Amino acid sequence: MQTDHNGARDELIYAWKIMVAGEVKGYIALLFNLDQESEALFAKVVGQRRAQALPEWKVCGVSKSTGEVLVSSNPEYIGPGQTIRLPEGARWSLVQVGPVAYLGCMRTTRSYQGYSGPGWKGFCLVPLTHAFNVASGELGQNAQIDYNTGLIDKRILGFQAQASQIQKQLNRSIWNGNMTQRQSTSTLGNSFSKTLLWEISRAGENTKTLFTNSLNNLVQAEINGFQTEQQTRAMLAMDLMDRNLYERANDCRWWAQNPTLNHALLNRGDEKANEQAMQCLQHIHGLYTVYANILLLDRSGRVVCDSASIVESGTLVESSWVSEAMQLKSPARYCVSPFEKTALYQDRPTYIYAAALFDNRQKPAHAIGAIALVFDSESQFEAILTESMGDSKHQAFGFIVDENHRVISSTTNLHMEHGKLTLPLKRHSKFEKQKAEQGYFHIDGRLIAYGACNSGAYREYKSDADAYQNNLICAYGLDIGALADDLEASAGDISFDEFRQGGQKDQVVDIASFRVAEHWYGIDSEDAVEAFLCNQIVSLPNSPSWLLGTTLYKNEAVTIVDIAEILDPRLRSKAAAPARQQMILLKTQNHSVKIALAVDELGEIPSLPMSAIHESESLNGHSGIVQGLIKTVDNLLVVLNTEQLFKQLETDIKKTPCVNKGLSSAAVHR
């Protein structure tokens, strides 16, 4: 493939001997045009090179087994004769070619249907300075992945949990710090202290947000990689299919020139001619594994002979493709059946490629019969889909469908109904050959990364000048994991900056805010002792649904209450309530019973004017537990009456004797 100083050029040549009467009479040699073939291949992988387009930094190519480059998509960066070496056994690594550092990968062939090629390797290199310049997509509003159930690296979950835990500890420290500042006698008062403490909390929240965004970008990059992987698989499958079927179109036209078959059609009553024709078909069939049968038909469409000896001679084949084949006027023409069930393929759907044989091979004008190749579509398309998945550790599923999404072949029985693909692939007004796309679906609570590619043309096969057109689509999907957007609802942020204008003359109250599920709540800070972290709760048998259990805090038993269950079961977090670890310890008049509220997040403790709390008659259905509402610029906070809350708890406990044994020994009064 390259020229040395004497002008000699390495070439890839396939050759075989020509035998006549047991003697070698010559050889036939096929010179493989690597430059032309690779140019078409690179155009599919990296796109056509255009002077006006943005630079393409990625370089794909083919090398010898030694790493010596034979051809590349961008010889200006990496050209023939240069050598690429990766560490032994490495699938990818940093590679230096000349003065440039690349992130590169190199692969040997996996072989296709037993053929491994001449030992070449494929490579792809991206300059390290541009290797990570990938625009990230969007999963969609509120869409998250449950890292415990899918393919996303579970270490990311650990990082996020650590960041969340650090922020919770910081918020708890700030929250408790505000509690201790209530009795402040500083000349600045406790307002400055609380503001300072909360600004520290905000700084921590900003740091956590930055960290979380970085982790989310890693997740998105991994999802983008899954999508690209599926698109690459679909592109490879379509390329294999187009090249495979191109050969079938060539085979039928080439074998239609066989003089033995022509002689049998011109001498229909000659048994010896028929026998020779059958032996010829059997010899051809023995060299190919892609056909279920090869038939020779006469002008009327009746079988003269077949390679598999399974169709009785004289059988009439009635189909539209037979009539079409008999009307062909040139040896360069061929026809293909629709993908439909046929008795020639055991009543399974397949393609049949046919070409006409003519009475005068030098001046063809009148078809005297046809050769028909029954493509073994079931095994061949299955092999294409399977081979295109490669050696990836992620098991995907693949489909080949027509424009109406009727399934031609698949690796799974899922996502199909009445023979049609149910995946929501994009539908375009006009079919574009070789058009590829990628994305994701939300299906049955799962996130599916997908890639799709339209069939194209190979050389003259299915080109715009070809009479035969058959538009197909290949799609691969990969189940990444369960969607977690319904595991924990978000209440959004809440800010009390509008109440910090100073000069407040109204009576003020400190509201300790917190979030449970999708809503923000608050209580008078005088009714709270402190916040603490709890990750061990012992449930009590036959207890009310609002009672999560009991725990030990500072060597004292504390009863844990699910406030969301008390207010309205519909307000419960979609995550399991026992998973909440943030607790707010409430004051009780006697300290023989300790009660804490389980919450999802601690909020600010602002000083608010009493006039900011709006009472509403529509809230009376909560037995007085809800004292009022506070409307902020960006959210709504429900203020709770802890005195009424304790009364309701006491009432419920008295109705539950089995719980009384554990709780009623100490009064639950304020």
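The values are calculated or read from the model by the stated rules, or taken from the named source; none is laboratory data. Worth saying up front: this structure is predicted, and the values here are computed from it rather than measured. As a convention, Cβ positions derive from the backbone with ideal geometry for all residues, glycine included, and neighbour counts pool all protein chains shown.
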Filtering segment 439-475 for residues that are crowded, with 21+ Cβ neighbours inside 10 Å and farther than 14 Å from A237 by Cβ leaves a count of 5
Lone qualifier among A332, A365, A355 - being of a type in the set (G, A, S), assigned by TED's automatic domain parsing to the domain that holds S313 and modelled with pLDDT of 95 or more: A355
State which residue is farthest from F42 (Cα to Cα) when the search covers only segment 84-125 and only residues that are in contact (Cβ under 8 Å) with a residue 24 or more places away in the chain and small (G, A, S). A101
Tell me, which residue of segment 257-275 that is assigned to a helix (DSSP H, G or I) and farther than 18 Å from A370 by Cβ is modelled with the lowest pLDDT? E271
Quick one: A452 ticks every box in (1) over 26 Å from the mean Cα position of the chain (by Cα); (2) not assigned by TED's automatic domain parsing to the domain that holds A325 except a single one, so which number is it? (1)
Within segment 277-298, is even one residue among the charged types (D, E, K, R), modelled with pLDDT of 95 or more, surrounded by 13 or more Cβ atoms within 10 Å (Cβ to Cβ) and touching a Ser or Thr at 6+ places or on another chain (Cβ under 8 Å)? no
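Being in the same structural domain as C60 (by TED's automatic domain parsing), surrounded by fewer than 13 Cβ atoms within 10 Å (Cβ to Cβ) and modelled with pLDDT of 80 or more: is that true of S111 here? Outline the logic, then answer.
Numbers: in the same structural domain as C60 (by TED's automatic domain parsing): yes; surrounded by fewer than 13 Cβ atoms within 10 Å (Cβ to Cβ): yes; modelled with pLDDT of 80 or more: no.
Criteria not met by S111.
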Residue tally, condition touching a Phe, Trp or Tyr at 6+ places or on another chain (Cβ under 8 Å), outside any loop (DSSP other than H, G, I, E, B) and closer than 19 Å to K587 by Cβ, over segment 531-569: 6
Log entry, pairs with first residue in segment 456-472 being closer than 21 Å to A43 by Cα and aromatic (F, W, Y), second being surrounded by fewer than 18 Cβ atoms within 10 Å (Cβ to Cβ) and at pLDDT below 90, beta carbons closer than 9 Å, six or more apart or on different chains, reads Y458/A40
Hey, among the residues in segment 316-341 that are assigned to a strand (DSSP E or B) and more than 12 Å from S377 (Cα to Cα), which one's farthest from the chain's Cα centre (by Cα)? L316
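Only residues that are hydroxyl-bearing (S, T, Y) and outside any loop (DSSP other than H, G, I, E, B): list them for segment 342-376, please. Spell out the reasoning first.
Here is the first cut: in segment 342-376, the ones hydroxyl-bearing (S, T, Y) are 342, 345, 350-351, 353.
Answer for segment 342-376, where residues must be hydroxyl-bearing (S, T, Y) and outside any loop (DSSP other than H, G, I, E, B): T342, Y345, T350, Y353.
Can you report the number of residues in segment 271-301 which are hydrophobic (A, V, I, L, M, F, W, C) and more than 25 Å from P349 (Cβ to Cβ)?
If we filter segment 271-301 for residues that are hydrophobic (A, V, I, L, M, F, W, C), which is where we start, we get 273, 277-278, 280-281, 284, 287, 290, 292, 294-297.
Within this subset, residues satisfying the condition of being more than 25 Å from P349 (Cβ to Cβ) are 273, 277-278, 280, 287.
Number satisfying all stated conditions: 5.
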Has segment 278-286 got at least one residue that is part of a loop (DSSP other than H, G, I, E, B) and either closer than 21 Å to Y468 by Cβ or within 43 Å of the chain's Cα centre (by Cα) (or both)? no
Return the residue satisfying two criteria in turn: it lies in segment 299-312 and is surrounded by fewer than 21 Cβ atoms within 10 Å (Cβ to Cβ) and not in a strand (DSSP E or B), and of such residues it is nearest to the chain's Cα centre (by Cα). A308
Given (1) in a loop (DSSP other than H, G, I, E, B); (2) crowded, with 22+ Cβ neighbours inside 10 Å, S392 misses just (2)
Those residues that are β-branched (V, I, T) and surrounded by 15 or more Cβ atoms within 10 Å (Cβ to Cβ), I need them from segment 204-223; list them, please. T212, V219, I223
